[in-house]
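Heads up: the structure comes next, in structure tokens.
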């Protein structure tokens, strides 16, 4: 049984507004589908490369976003997405 996590969203915050958002996307059942870490080096699987490829294409599809730091891990992905509609 997985531990229960508390909600990490701010109550009454409008997540559609401009700003920088830290994203975590986890693989179901924590399966290591995106690659492996060996000697502190991440080697992406085909699925891990696909996640990287589509992450990098997001600004082409959505002109109001920018990508900041990101990382693919064996069973999850972290990224910072910046929404800026004012430019």
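Read-outs throughout are calculated quantities, based only on the coordinates presented, and are distinct from any laboratory measurement. Because the structure is predicted, anything quoted here is derived from the model rather than measured. Glycine gets a Cβ as well: all are built from the backbone with ideal geometry, and neighbour counts include every protein chain shown.
Restricting attention to the range 45-87, the residues that are in contact (Cβ under 8 Å) with a residue 40 or more places away in the chain, closer than 26 Å to residue 30 by Cβ and part of a loop (DSSP other than H, G, I, E, B) total 2.
Kindly indicate the residue of the range 17-44 that is more than 17 Å from the chain's Cα centre (by Cα) and part of a loop (DSSP other than H, G, I, E, B) and also nearest to residue 75 (Cα to Cα) among those meeting that condition. Restricting to residues being more than 17 Å from the chain's Cα centre (by Cα) and part of a loop (DSSP other than H, G, I, E, B), the top hit is 40. Considering the range 34-76, and only residues there that are more than 17 Å from residue 21 (Cβ to Cβ) and in contact with a helix residue (DSSP H, G or I) (Cβ under 6 Å, 6 or more places away or on another chain), the residue that is surrounded by the fewest Cβ atoms within 10 Å (Cβ to Cβ) turns out to be 75.
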